[in-house]
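Here's the structure, in structure tokens; my notes come after.
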């Protein structure tokens, strides 16, 4: 039973990573201010964005909860844009020109991620192993 749960978690992480890659690619095609210098950046930026969204973003959202409540959740877009700028600062070959570009890209990434997660429903994934 433990192996099945482990495989499900791996599949969930890979699905989330694929969603982040597709969302970042969509933002790249929409906003000319987002650039990749090489293929390594095209791989590293979505992976780092997925890790930051998984581990750092919930902490930041929790710490800014009062501001998020006052702005009716709109401050989340600013948080997402800031995290995208953090990825841009951390991955040298990935560039986001302006904070305004990061805000637009954060909106696109959020919408694409929501739609892909809704369509794929990775949290409802069930793996069954039948032994013969």
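The values are calculated or read from the model by the stated rules, or taken from the named source; none is laboratory data. No experiment lies behind these values; they were computed from the predicted model shown. No Cβ is skipped: glycine too gets one built from the backbone with ideal geometry, and neighbour counts run over all protein chains shown.
Of all residue pairs spaced 6 or more apart or on separate chains, those with beta-carbon atoms under 9 Å, a first member in the range 55-81 that is under 23 Å from residue 17 (Cβ atoms) and a second member that is outside any helix (DSSP H, G or I) are 76/64; 79/64; 81/96. Can you find a residue that is within 25 Å of residue 118 (Cβ to Cβ) and modelled with pLDDT of 90 or more anywhere in the range 32-45? Yes, that holds for at least one residue. Within the range 74-89, the only residue that satisfies the criterion of being under 14 Å from residue 48 (Cβ atoms), buried (at least 16 other Cβ atoms within 10 Å of the Cβ) and more than 13 Å from the chain's Cα centre (by Cα) is 88.
Checking each residue in the range 46-66 for being surrounded by 13 or more Cβ atoms within 10 Å (Cβ to Cβ) and farther than 15 Å from residue 91 by Cα picks out 53, 54, 56, 57, 60, 61, 64.
Each row is one residue, and each column tells you yes or no for (1) modelled with pLDDT of 85 or more; (2) under 19 Å from residue 76 (Cβ atoms); (3) surrounded by fewer than 15 Cβ atoms within 10 Å (Cβ to Cβ).
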| site | (1), (2), (3) |
| --- | --- |
| 91 | yes, no, no |
| 100 | yes, yes, yes |
| 103 | yes, yes, no |
| 108 | yes, yes, no |
| 112 | yes, yes, no |
| 115 | yes, yes, yes |
| 125 | no, no, yes |
| 128 | no, no, yes |
| 131 | no, no, yes |
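Among helices (runs of 4 or more DSSP H) entirely within the range 1-97, having at least 3 residues that are touching a helix residue (DSSP H, G or I) at 6+ places or on another chain (Cβ under 7 Å) and at positive phi singles out no element at all. For beta carbons closer than 7 Å, sequence separation of 6+ or different chains, a first residue in the range 8-20 that is in contact (Cβ under 8 Å) with a residue 12 or more places away in the chain and a second that is outside any helix (DSSP H, G or I), the qualifying pairs are 8/125; 8/127; 11/125; 12/125. For the range 21-43, taking the residues that are loosely packed, with under 13 Cβ neighbours inside 10 Å and touching a residue at least 24 places away in the same chain (Cβ under 8 Å), the one that is farthest from residue 93 (Cα to Cα) is identified as 38.
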